[in-house]
1. Just to be sure before I move on: is residue 129 surrounded by 17 or more Cβ atoms within 10 Å (Cβ to Cβ), at pLDDT 95 or above and small (Gly, Ala, Ser) in the structure I sent?
2. Which numbered condition trips up residue 151, out of (1) in contact with a helix residue (DSSP H, G or I) (Cβ under 9 Å, 6 or more places away or on another chain); (2) more than 21 Å from residue 78 (Cβ to Cβ); (3) among the aliphatic types (A, V, I, L, M); (4) surrounded by 16 or more Cβ atoms within 10 Å (Cβ to Cβ)?
3. In contact with a strand residue (DSSP E or B) (Cβ under 8 Å, 6 or more places away or on another chain) and within 19 Å of residue 37 (Cβ to Cβ), is that true of residue 99?
4. What number of residues in the range 99-126 are under 11 Å from residue 201 (Cα atoms), part of a helix (DSSP H, G or I) and out of contact with any Ser or Thr (no Cβ under 9 Å at 6 or more places or on another chain)?
5. Given the options 86, 40, name the one that is more than 22 Å from residue 187 (Cβ to Cβ), surrounded by 14 or more Cβ atoms within 10 Å (Cβ to Cβ) and modelled with pLDDT of 95 or more.
6. Looking at 54, 79, which one is farther than 17 Å from residue 188 by Cα and among the charged types (D, E, K, R)?
7. Could you run through the range 40-79 and say how many residues are closer than 23 Å to residue 202 by Cα, assigned to a helix (DSSP H, G or I) and of a type outside the set (Ser, Thr, Tyr)?
8. Would you check if residue 177 is touching a residue at least 12 places away in the same chain (Cβ under 8 Å), in contact with a Lys or Arg (Cβ under 9 Å, 6 or more places away or on another chain) and either of a type in the set (S, T, N, Q) or surrounded by fewer than 19 Cβ atoms within 10 Å (Cβ to Cβ) (or both)?
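The values are calculated or read from the model by the stated rules, or taken from the named source; none is laboratory data. Just so we're clear, the structure is a prediction, and the values are computed from it rather than from any experiment. Here the Cβ positions follow ideal geometry from the backbone for every residue, glycine too, while neighbour counts run over all protein chains shown.
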Amino acid sequence: MKNDSPKFLNPLVAIDQHENRLPHWQQDNATFFVTFRLGDSIPAAKLDMWGAARDAWLRLHPRPWSQEKELEYHRQFSRQIEDWLDAGEGSCLLRDPRFARIVGDALNHFEGSRCTQYCWVVMPNHVHALFSLIGERKLEELLHSWKSFTAHAINKLLMRKGELWEKDYYDRLIRDGEHYGNCVRYILDNPAKAKLRDGEFIFFKK
């Protein structure tokens, strides 16, 4: 069944919690704010420093978290990643409109079948998307589809092979209408925050 409006975190329904290198929380039909990035967008030395600080914080604050602790985690660690991405390091392949359009088309490809898109932006070295899953679709499977297809298509144009995207991704379950509105504003404001010019990004808003 198609979601025509965002469904927020339901505290009475179980959350599927799993972790690859980053924590991921999921509920059926939930709405997510997701960030995924090119593999060369953050230098390894910075990520190592970030990871050590994050691991130390997690040892002191084991899950499950309260809403306040989750917000503290994102203030300390998600915000740092966002600032580094906006600095525009790495190859920034998605500044090329050809490649950005491949990613934008992929984000919209499963509209109405696997997800409902509300807002997204393709930045030079990363992507932000705000969307709901439809039914029992799994977030990791949808992200894998987007990343696998776009990597193949972009690498074909570049006449090369190899990894394009960082393997993991950053996601947040949307708690309520205020959280949803904050994410929409963040996405729409991100190009200006990163000092991008017209033609260096593409975005969508329902």
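1. Values: surrounded by 17 or more Cβ atoms within 10 Å (Cβ to Cβ): yes; at pLDDT 95 or above: yes; small (Gly, Ala, Ser): yes.
Considered against the rule, which asks whether it is surrounded by 17 or more Cβ atoms within 10 Å (Cβ to Cβ), at pLDDT 95 or above and small (Gly, Ala, Ser), residue 129 comes out as yes.
2. Residue 151 satisfies every listed condition except (1).
3. Values: in contact with a strand residue (DSSP E or B) (Cβ under 8 Å, 6 or more places away or on another chain): no; within 19 Å of residue 37 (Cβ to Cβ): yes.
No, not satisfied.
4. Total satisfying the criteria: 3.
5. From the options 86, 40, the qualifying one is 40.
6. Answer to the check: 54.
7. Applying the first criterion (closer than 23 Å to residue 202 by Cα) to the range 40-79 yields 40-42, 78-79.
Remaining after also requiring assigned to a helix (DSSP H, G or I): 78-79.
Those left that are additionally of a type outside the set (Ser, Thr, Tyr): 79.
Matching residues across the range 40-79 total 1.
8. Here the answer is no, as residue 177 does not meet what is asked.
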